[in-house]
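What follows draws every value from the coordinates through simple rules; no lab data is involved. Just so we're clear, the structure is a prediction, and the values are computed from it rather than from any experiment. Please note: Cβ atoms are built from the backbone with ideal geometry, for glycine as well, and neighbour counts cover all protein chains shown.
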Amino acid sequence: MNTQSPAHRASNLLPTGHPTSNIQHPTSNIQYPTSNTLIQMRQIVKTFRSAAGEFTALKGINADFHRGEFVSVVGRSGSGKSTLVNMLTGIDRPTSGEVKIGDTYVHRLSESNMAKWRGRNLGIVFQFYQLLPMLSLLENVMLPMDFCEMYAPNERQARAIKLLQLVGLGQVVRAMPAAVSGGQQQSAAIARALANDPPIIVADEPTGNLGSRAAGTVMQIFDSLVQQGKTIVMVTHDTGLAQRASRTLLLADGEIVSQTIASALPLLTHQQMLQATHNQQPRQFEPGATIIRQGDTGDYFYIITRGYVDVTLQQAAGREITVTRLGPGQYFGEVALLCGGRTIANVKAAPQTPVKVVILEREIFTGLMDQAQAARQAMTRVARDRLAENAALGGPAEKENNCYA
Ligand code: ADP
Ligand code: MG
C-alpha cells in the first residue's frame, strides 16, 4: 500500500495564539483579523517588462498564511520564489491582484508609508545578510528602531543587545560585520529583523550562503520565533530545511503546485505536478458511500485529502472483508489504471465522516505516467503489492504481468 507520509501536516497545524514575545513592543503594529489568516494574496500576477520583452513571473497566485505558521517556499531557480516574497514585503508590487497583511493592502501603500509600515510589521532576512558594513552589529540592530521611532531612544541599545544575545551574539555586539563569520552576520541580520518586534518574518534563502552548522543555528532561531507566535515565510533551496516548516508552498513556473499532488506523486517533475494540479478535480463522498466497486472499470486516480476510506474485498464465498484503511495523502485507483483495467477491491468512505478526495481522469493520469518513468515504476510497485496482498486474501487473482511498467 501507499506508504507516503500523511500529506497534510498543514491541515493539522493549529495556529498558535496571539503573538507573544519576551520583549514587549509599545504599540500594536497590526490589527489582526478575527480569523487566523494574517496574509492574503489574491490573484497576484507579476509581469516584468524589459527590452527583451515581457516575462510573467507570477501567474495568478492565491495564498493565505496564518498567524503562527512557518511556511517554506520552495521551487527551482526562476520559479518565482523571490518575486512572491517581494510582493509580501512590498519590495516589489504586483502587476495585478491584491496583497493584504492584517488590515493593510500592501500594494496600495505609497513609498514613504511602505517603508514605515514595513519597518514596523516585517522583519526581512536576505541571503547575503545586507548589514551596513560601516556600522557595528549593535548599530545595525538599532537602526530599524531609530528609523521607525520605535521604543524610547534610551531603551534602544539595551533592546538591541538583548536581541543579539538572543541569537547568540552577546559576546560580539560591538564587532563590525566583516569581523565575524557569515553565520554570525546572518544571526545579526535576524536580530535586526526582530528589532521592532514584527509579527512576520520574511526570509529569502536565509541559509543559502551558510554552511550546514550555521544554517542549523538560523533554523533554531526560526523555530523559537515560531514558538513565540511569529509568522515566518522562508524561501529555501534546501529540502531538509523546508521540511522543518509547518507547511511548504511549492512554486513551478510562477504557479503554486497542489500540496496534495506534490506529496502523493513526489517523483513527477514540478512541471508534471503543475499539470496534475491544473487537472485535479475535488470530489466528496458521504460516510459509507461506495467510491469504487470491485470489478468495475477504473476511470480515475484518487488522492485522499480528508477523512478515511475502507478497502474491502469480495471473497469467492460472497463474504466481504476489510483489507485496509487509507487516509489523507494516500491514493487508490492506480491498480486498474496501471494493471489491466479492472478495479480489484471495493473502496468506501469510512463510516461517520465524509471523505474528500481529488481525482485525476484516466487519460490525464496515464499521460503523466507515460512521461514520468520513475513515478510510473514506483506506482506500479505499489499496484503489484496491492494486487498480491488482495490475491492472498482471496480477492481477484489478477495477472501481475499486466501491470504496465
Ligand atoms: P526564484 O527566486 O524562484 O529563483 P525569481 O522570483 O527571482 O525566481 O524570478 C522568477 C523569474 O522572473 C525568473 O525567470 C527571473 O528571470 C524573472 N525576473 C525576476 N526579476 C526580474 C526583473 N526585475 N526583470 C525581469 N525579469 C525578472
Ligand atoms: Mg530567488
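A full extension of the chain between residue 147 and residue 325 corresponds to an added length of 58.3 nm, given 0.36 nm per residue minus the alpha carbon distance.
What FRET efficiency comes out for the pair residue 212/residue 293, r = Cβ-Cβ distance, R0 = 45 Å, nearest 0.05? Spell out each step's value before the answer.
On the way: r = 52 Å, r/R0 = 1.14.
Calculated transfer efficiency: 0.30.
As a calculated quantity, the FRET efficiency between residue 385 and residue 42 at R0 = 30 Å, using C-beta atoms, amounts to about 0.10. Averaging the Cα positions of each part gives two centres, and for segment 40-98 and segment 146-181 these lie 32 Å apart.
Note down the net charge around residue 97, summing +1 for each Lys or Arg and -1 for each Asp or Glu among other residues with Cβ under 11 Å from its Cβ. Computed value for this residue: +4.
Pairwise Cα separations in segment 273-402 fall into 5 Å bins from 0 onward with the following percentages, short to long: 2, 11, 21, 24, 21, 14, 5, 1, 0.
Mind checking the dipole of segment 208-336: about its Cα centre, +1 per Lys or Arg Cβ, -1 per Asp or Glu Cβ, Debye to the nearest 20?
Values: 9 positive and 10 negative charges, 84 e Å.
About 400 debye.
Among the lysines of the chain, pairs that are 8 or more positions apart or on different chains and have alpha carbons within less than 28 Å of each other number 18. Rounded to the nearest 20, the size of the Cβ-charge dipole of segment 9-257 about its Cα centre is 120 debye, with Lys and Arg at +1 and Asp and Glu at -1.
If you wrap the chain's Cα atoms in a convex hull and average its projection over all directions, what's the area in nm²? Numbers along the way, then the final one.
Numbers: hull surface 91.6 nm².
Directional mean of the projected Cα hull area for the chain stands at 22.9 nm².
Placing a pseudo-label 7 Å from each Cα along the Cα-to-Cβ vector at residue 286 and residue 181 gives an inter-label distance of 6.3 nm. Here r is the Cβ-Cβ distance between residue 54 and residue 237 and R0 is 25 Å; the resulting FRET efficiency, rounded to 0.05, is 0.40.
Could you give the size of the charge dipole of segment 273-402 about its Cα centre, using +1 on the Cβ of each K and R and -1 on the Cβ of each D and E, expressed in debye and rounded to the nearest 20? List each step's numbers first, then the result.
On the way: 14 positive and 13 negative charges, 40 e Å.
For segment 273-402, the charge dipole is close to 200 debye.
Cysteines in the chain lacking any other cysteine Cβ under 4.7 Å from their own Cβ: 148.
Within 9 Å, Cβ to Cβ, of residue 284, how many net charges do the neighbouring residues add up to if Lys/Arg are +1 and Asp/Glu are -1?
Surrounding charge for residue 284 is +2.
Expressed as a fraction of 2.2 N^0.38 Å, the rule-of-thumb size for a compact globular protein of N residues, what is the C-alpha radius of gyration of segment 35-105? Don't skip to the end; give the middle numbers.
Working: Rg = 12.7 Å, N = 71, 2.2 N^0.38 = 11.1 Å.
Expressed relative to 2.2 N^0.38 Å, the Cα Rg reads 1.14.
Between residue 158 and residue 132, the modelled label-to-label distance comes to 2.4 nm, taking each label 7 Å out from Cα in the direction of the beta carbon. Ranking 256, 208, 344 by how far each Cα lies toward the positive end of the dipole of the chain (charges on Cβ) leaves 208 at the top. Compared with the alpha-carbon gap, the fully stretched path from residue 392 to residue 64 is longer by 113.5 nm at 0.36 nm per residue.
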